[in-house]
1. Hey, does segment 51-66 have a residue that's farther than 22 Å from residue 23 by Cβ, assigned by TED's automatic domain parsing to the domain that holds residue 9, under 21 Å from the mean Cα position of the chain (by Cα) and touching a residue at least 12 places away in the same chain (Cβ under 8 Å)?
2. Just to be sure, is residue 105 more than 20 Å from residue 261 (Cβ to Cβ), assigned to a helix (DSSP H, G or I), among the basic types (Lys, Arg) and assigned by TED's automatic domain parsing to the domain that holds residue 15?
3. Scan segment 153-179 residue by residue and report those that are part of a helix (DSSP H, G or I), crowded, with 22+ Cβ neighbours inside 10 Å and of a type in the set (A, V, I, L, M, F, W, C).
4. Can you list the helices (runs of 4 or more DSSP H) found entirely within segment 310-377 that contain at least 3 residues being without any contact (Cβ under 8 Å) to a residue 12 or more places away in the chain and either hydrophobic (A, V, I, L, M, F, W, C) or surrounded by fewer than 18 Cβ atoms within 10 Å (Cβ to Cβ) (or both)?
5. Out of the residues in segment 221-266 that are at pLDDT 95 or above, in a loop (DSSP other than H, G, I, E, B) and touching a helix residue (DSSP H, G or I) at 6+ places or on another chain (Cβ under 7 Å), state the one that is farthest from residue 12 (Cα to Cα).
6. Going residue by residue through segment 7-19, is there one that turns out to be polar (S, T, N, Q) and either closer than 30 Å to residue 198 by Cα or in a helix (DSSP H, G or I) (or both)?
7. With the requirement that a residue be of a type outside the set (Val, Ile, Thr) and either closer than 11 Å to residue 273 by Cα or free of Cβ contacts under 8 Å to residues at least 60 places away in the same chain (or both), what does segment 288-309 give you?
8. Please find, within segment 60-99, the residue that is surrounded by the most Cβ atoms within 10 Å (Cβ to Cβ) out of those that are of a type in the set (S, T, N, Q) and over 17 Å from residue 7 (Cα atoms).
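The values are calculated or read from the model by the stated rules, or taken from the named source; none is laboratory data. Model, not experiment: these values are computed from the prediction. Using ideal geometry, Cβ is built from the backbone for each residue, glycine included, and neighbour counts are taken over all protein chains shown.
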Amino acid sequence: MEAKGLYIHIPFCVQKCRYCDFTSYVASGNEIDRYLDSLEKELEMYKLNEEEISTIFIGGGTPTILSTIQLDRLFKMIKDRVNLQKLEEYTIEANPGTLSIEKLKVIKSGGVNRLSIGLQAVQDKHLLFMGRIHNLKQFEESFYNARKIGFDNINIDVIFAFDNQTVADWKETIDYVAEMKAEHISAYSLIIEEGTDFFDMYEKGELKDVPEEKYLEMYRYTVDKLNNYGFYQYEISNFCNVGYECKHNIKYWNCEEYFGVGVAASGYINNERYTNVKTLKAYAEATTANVFPIEFKEVLDFKEHFNEKIMLGLRMNSGINLSLIDKINNQELEKCIIKSIDNYQKKGYIEKCKDGTIKLTQSGREISNSIIIDLML
């Protein structure tokens, strides 16, 4: 049986960040307890003890907004349904300002072996601008407390290329996280998503695009700086010490199977992609009726599967196998894609490897979106 991943969505925050388009709500009253009731019912429907789960990722929202009692309950419902001894990786997202020593102890005792902490920037003015609830000092307290509790696999999230952030600001941020000696760093460029405060500001002209030259200077500095500190870039936005790649996210990028439970969670099982309902009310109603709370599902045809392999696989340094292109049942399309690959190789954007794979070069990663779109069916 192929090992699968399990994603659990906790859709609650103290306040919503201004750039975030994930499904999340400001928690109030007993909503979290009622949500955990629904979550347990959905987990039970999947009969996960019949499956071999190798990775778990608890994301949000802000999972660490849960109280110690609620966290303990969440970990128990997982432990009752998953063999923790078989897990390769067990991650929870955490935000400074919600991560006390007591919570860290509960998280550790619950079996979690990897923390993903959202820093985003080292300048407090930028944290305030983004709607974060913490400052740099609180991040440092959270990070060092996690080390004291015994966490030896920590990721730090940071964001670059947003309006009002200077190149010097970003260099200060990336220098700082490099010195922290975390095992993993995720450095994402800001994408202004519809439905966010930043999108509304952008529409009104209050937020500007970052010039491409500035973005490239920031990105190149990130790659060079982290490489000098011994970080291995295994995906366009992700860097780690060798052996500390995020195994759960690699399942996504390799188009492997995973369950998604919780409001708005997505899963991919038996070549079928599904997405859960997006409101707490609809989620509670479905699980109370012992019905899967799925809002949308589709079976991927060859074209969709191929495009996902291209879109996700080329983000990784390991690339994709050329045998994927051989499966295209259209000689003209196959010739066209091979010609595009050859052209990108001549320009130094794609590397062909002896093992039959192709991957983006460093200069290719800088224009990855245009290459990926060009190679999709």
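1. Yes, segment 51-66 contains a residue that is farther than 22 Å from residue 23 by Cβ, assigned by TED's automatic domain parsing to the domain that holds residue 9, under 21 Å from the mean Cα position of the chain (by Cα) and touching a residue at least 12 places away in the same chain (Cβ under 8 Å).
2. Values: more than 20 Å from residue 261 (Cβ to Cβ): yes; assigned to a helix (DSSP H, G or I): yes; among the basic types (Lys, Arg): yes; assigned by TED's automatic domain parsing to the domain that holds residue 15: yes.
So residue 105 passes the test.
3. 170, 174, 177
4. Working: elements: 323-326, 331-346, 362-366, 368-375.
Filter on segment 310-377 gives 331-346, 368-375.
5. 229
6. Going through segment 7-19, the residues polar (S, T, N, Q) turn out to be 15.
From the residues that got through so far, the ones that are either closer than 30 Å to residue 198 by Cα or in a helix (DSSP H, G or I) (or both) too are 15.
So far as segment 7-19 goes, yes, one or more of its residues are polar (S, T, N, Q) and either closer than 30 Å to residue 198 by Cα or in a helix (DSSP H, G or I) (or both).
7. Taking segment 288-309 as the starting set, the residues that turn out to be of a type outside the set (Val, Ile, Thr) are 289-290, 292-293, 295-298, 300-309.
Scanning segment 288-309 gives 289, 295, 296, 297, 298, 300, 301, 302, 304, 305, 308, 309.
8. Of the residues in segment 60-99, the ones of a type in the set (S, T, N, Q) are 62, 64, 67-68, 70, 83, 85, 91, 95, 98.
Keeping just the survivors that are over 17 Å from residue 7 (Cα atoms) gives 67-68, 70, 85, 95, 98.
Numbers: 67: 14, 68: 14, 70: 19, 85: 6, 95: 27, 98: 18.
Selected residue: 95.
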